[in-house]
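The structure appears below as structure tokens.
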Amino acid sequence: IKQHRSKELHLLSENRLESFYNDNIGRQEEVLFESANQKGYMEGFTRNYLRVKTIFNEAFINHVVKVDLNARHQDGAFLFNTQL
């Protein structure tokens, strides 16, 4: 019974997280891009810790950039540029 209950709670948590991510699609957020070039991409985070991915742009490193969260990458990150 414990294992079954644990699985149910994990599934509920995953569903709520997915719902939270989906609720943010279409919103405009400020992102702090901290990461360097990672295979042509870079990542940053919004104030509420949503991970955002875009094509590497050196000008974005350690800067806050206002972006539209209009899609998600296959790895779960939001996309700043939907051409990824």
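Every number here is computed from the coordinates shown, using simple stated rules; none is lab data. This one's a predicted model, so the numbers in the text were calculated from it and none came from an experiment. Ideal geometry is used to build each Cβ from the backbone, glycine not excepted, and the neighbour counts take in all protein chains shown.
Phi-derived couplings, Karplus 6.51 cos²θ - 1.76 cosθ + 1.60 at θ = phi - 60°, listed residue by residue for region 54-60: 8, 5, 4, 9, 4, 5, 7 Hz, with x used for Gly and Pro. The Asn62 and Arg5 beta-carbon pair, evaluated with R₀ = 41 Å, returns a calculated FRET efficiency of approximately 0.40. For the chain, the longest principal axis of the C-alpha atoms and the axis of helix 2-23 are separated by about 30°.
Taking the convex hull of the alpha carbon positions in the chain and averaging its projected area over all directions gives 6.3 nm². By the rule of a C-alpha distance below 17 Å, with chain neighbours fewer than 8 residues away ignored, the aspartates and glutamates paired with Lys7 are Glu18. For the charge dipole of the chain, defined by +1 on Lys and Arg C-beta atoms and -1 on Asp and Glu C-beta atoms about the Cα centroid, which residue among His63, Ser19, Leu79 has the Cα displaced farthest towards the positive pole? Positive-most Cα among the choices belongs to Ser19. Subtracting the Cα-Cα distance of Phe20 and Asn48 from their residue separation scaled by 0.36 nm leaves 9.0 nm.
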